[in-house]
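Report on the structure given below.
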């Protein structure tokens, strides 16, 4: 049984379902940018076709209830500037995110993660959120901390970040549990 996906709003963002026509905007905003994708578990897209294929797969996973993804848009500007995704394992939900470099340092990633965390804890079956980031990714660690996550230390799971190394890299493990007021 999948979770109840829905669009979300935050003070400055609309978090919406990915759409088939988003590939060019995604490619231009972040998926081809080696700096924006530096710490991710996938390589930058080298072509529009790659972006279209990745988008189609993301949409299929959303339709199947395997991955929940929200494309981020600034209010009144209908072009995606990032994505927050979530994957369910039992009562836990793993979060991941990427934001266009032109939007870094404005608190938008934190705003989006907080919105998705609120959605997650509105789901009766979700009691626990977690995320990982590369140990050198100070900006993402800060986003998670500002979003109410606690760093639990090094991640025990081996995570390859192919834009940095073919070998697993040190990562940090963050958690956030449902607060009494959230459930």
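The figures follow:
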quantity: Output for segment 8-32, where each listed residue is assigned to a helix (DSSP H, G or I), in contact (Cβ under 8 Å) with a residue 40 or more places away in the chain and farther than 24 Å from residue 169 by Cβ; calculated: 22, 25, 26, 29
quantity: Subset of segment 15-32 [surrounded by fewer than 19 Cβ atoms within 10 Å (Cβ to Cβ) and within 16 Å of the chain's Cα centre (by Cα)]; calculated: 16, 17
quantity: Members of segment 58-89 that are closer than 16 Å to residue 176 by Cβ and at pLDDT below 95; calculated: 88, 89
quantity: Segment 157-183, residues that are touching a helix residue (DSSP H, G or I) at 6+ places or on another chain (Cβ under 7 Å), assigned to a loop (DSSP other than H, G, I, E, B) and surrounded by 14 or more Cβ atoms within 10 Å (Cβ to Cβ); calculated: 178
quantity: Selection count, segment 95-109, where residues are more than 14 Å from the chain's Cα centre (by Cα), touching a residue at least 40 places away in the same chain (Cβ under 8 Å) and outside any helix (DSSP H, G or I); calculated: 0
quantity: Selection from segment 62-91 of residues that are surrounded by fewer than 16 Cβ atoms within 10 Å (Cβ to Cβ), assigned to a strand (DSSP E or B) and in contact with a strand residue (DSSP E or B) (Cβ under 7 Å, 6 or more places away or on another chain); calculated: 74, 87
quantity: Residue within segment 142-156 that is over 24 Å from residue 43 (Cα atoms), in contact with a strand residue (DSSP E or B) (Cβ under 6 Å, 6 or more places away or on another chain) and in a loop (DSSP other than H, G, I, E, B) present; calculated: yes
quantity: Residues of segment 157-183 that turn out to be under 28 Å from residue 34 (Cβ atoms) and touching a residue at least 12 places away in the same chain (Cβ under 8 Å), as a count; calculated: 13
quantity: Some residue of segment 33-46 being part of a helix (DSSP H, G or I) and surrounded by fewer than 19 Cβ atoms within 10 Å (Cβ to Cβ); calculated: no
quantity: Subset of segment 44-65 (residues that are in contact with a helix residue (DSSP H, G or I) (Cβ under 9 Å, 6 or more places away or on another chain) and touching a residue at least 40 places away in the same chain (Cβ under 8 Å)); calculated: 44, 59
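The values are calculated or read from the model by the stated rules, or taken from the named source; none is laboratory data. Just so we're clear, the structure is a prediction, and the values are computed from it rather than from any experiment. All Cβ positions, even for glycine, are placed from backbone atoms using ideal geometry, and neighbour counts span all protein chains on display.
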